[in-house]
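One structure is given below, encoded as structure tokens.
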Amino acid sequence: MEFCLFAVSGCGGLIKYNFMTKKETKKDRQIVFDKYNGKCAYCGCELVKGWHADHIEPIVRDSKWNIDKGRFEQTGTCRKPENETLENYNPACASCNIQKNSFTLEQFRNNIKQFVNSLNQYSTQYKFAKRYGLITETDIEVKFYFETVGSHCH
């Protein structure tokens, strides 16, 4: 297996990353999990089995179209390998990480801000529930969980 060690300051020191399987070591995953006491860095929910280690600053994995399979597949390379550090990981629930995709934090925040507009425009159920007072819209700023608590890195 091909591993690469990255030197970083802060939470974990080195990260051992297997580029063949794109998996962090168990020790590194535990460090990321513990960063916010087992909570998603974005929404604050308790993390469950299948939680994701999200890149805070995206690495943007490269992919190419596989004509035989009719889908895009990862090539094993990325556009920003310098972001592959333990310090750049946040623990995330699957839904937050999938929604964040390869957005920066501000792009992710702005995307969330647009959800209410989109629901008002395209969801009959949302508009109906709002009409009956089941939903109250607010104009609060999107604040991520990690912005309201401190990291628990040692």
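The values are calculated or read from the model by the stated rules, or taken from the named source; none is laboratory data. Everything numeric here is computed off the predicted structure, so don't read it as measured data. Glycine gets a Cβ as well: all are built from the backbone with ideal geometry, and neighbour counts include every protein chain shown.
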In the list 77, 85, which residue meets the criterion of being surrounded by fewer than 16 Cβ atoms within 10 Å (Cβ to Cβ) and either modelled with pLDDT of 95 or more or on the phi < 0 side of the Ramachandran plot (or both)?
77
Checked the range 1-42 for anything hydroxyl-bearing (Ser, Thr, Tyr) and either modelled with pLDDT under 50 or not in a loop (DSSP other than H, G, I, E, B) (or both); matches are 9, 17, 21
Could you check residue 83 against (1) over 22 Å from residue 144 (Cα atoms); (2) without any contact (Cβ under 8 Å) to a residue 40 or more places away in the chain and say which number it fails?
(1)
Which condition number in (1) within 18 Å of the chain's Cα centre (by Cα); (2) touching a residue at least 40 places away in the same chain (Cβ under 8 Å) is the one that residue 76 fails?
(1)
Of the residues in the range 92-108, how many are more than 16 Å from residue 80 (Cβ to Cβ) and part of a loop (DSSP other than H, G, I, E, B)?
1
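For (1) of a type in the set (D, E, K, R); (2) over 18 Å from residue 100 (Cβ atoms); (3) out of contact with any strand residue (DSSP E or B) (no Cβ under 8 Å at 6 or more places or on another chain), each residue gets a yes or a no:
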| site | (1), (2), (3) |
| --- | --- |
| 115 | no, no, yes |
| 131 | yes, yes, yes |
| 137 | yes, yes, yes |
| 141 | yes, no, yes |
| 146 | no, no, no |
Please verify whether the range 131-153 includes one or more residues that are in contact with a helix residue (DSSP H, G or I) (Cβ under 9 Å, 6 or more places away or on another chain), surrounded by 13 or more Cβ atoms within 10 Å (Cβ to Cβ) and assigned to a helix (DSSP H, G or I).
no
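Please enumerate the residues belonging to the range 43-74 that are in a loop (DSSP other than H, G, I, E, B) and surrounded by 12 or more Cβ atoms within 10 Å (Cβ to Cβ). Explain how you work it out, then say what you get.
Kept after step one, since they are in a loop (DSSP other than H, G, I, E, B), are these residues of the range 43-74: 43-45, 47-51, 56-60, 67-70.
Of everything in the range 43-74, those that are in a loop (DSSP other than H, G, I, E, B) and surrounded by 12 or more Cβ atoms within 10 Å (Cβ to Cβ) turn out to be 43, 44, 45, 47, 51, 56, 57, 58, 59, 60.
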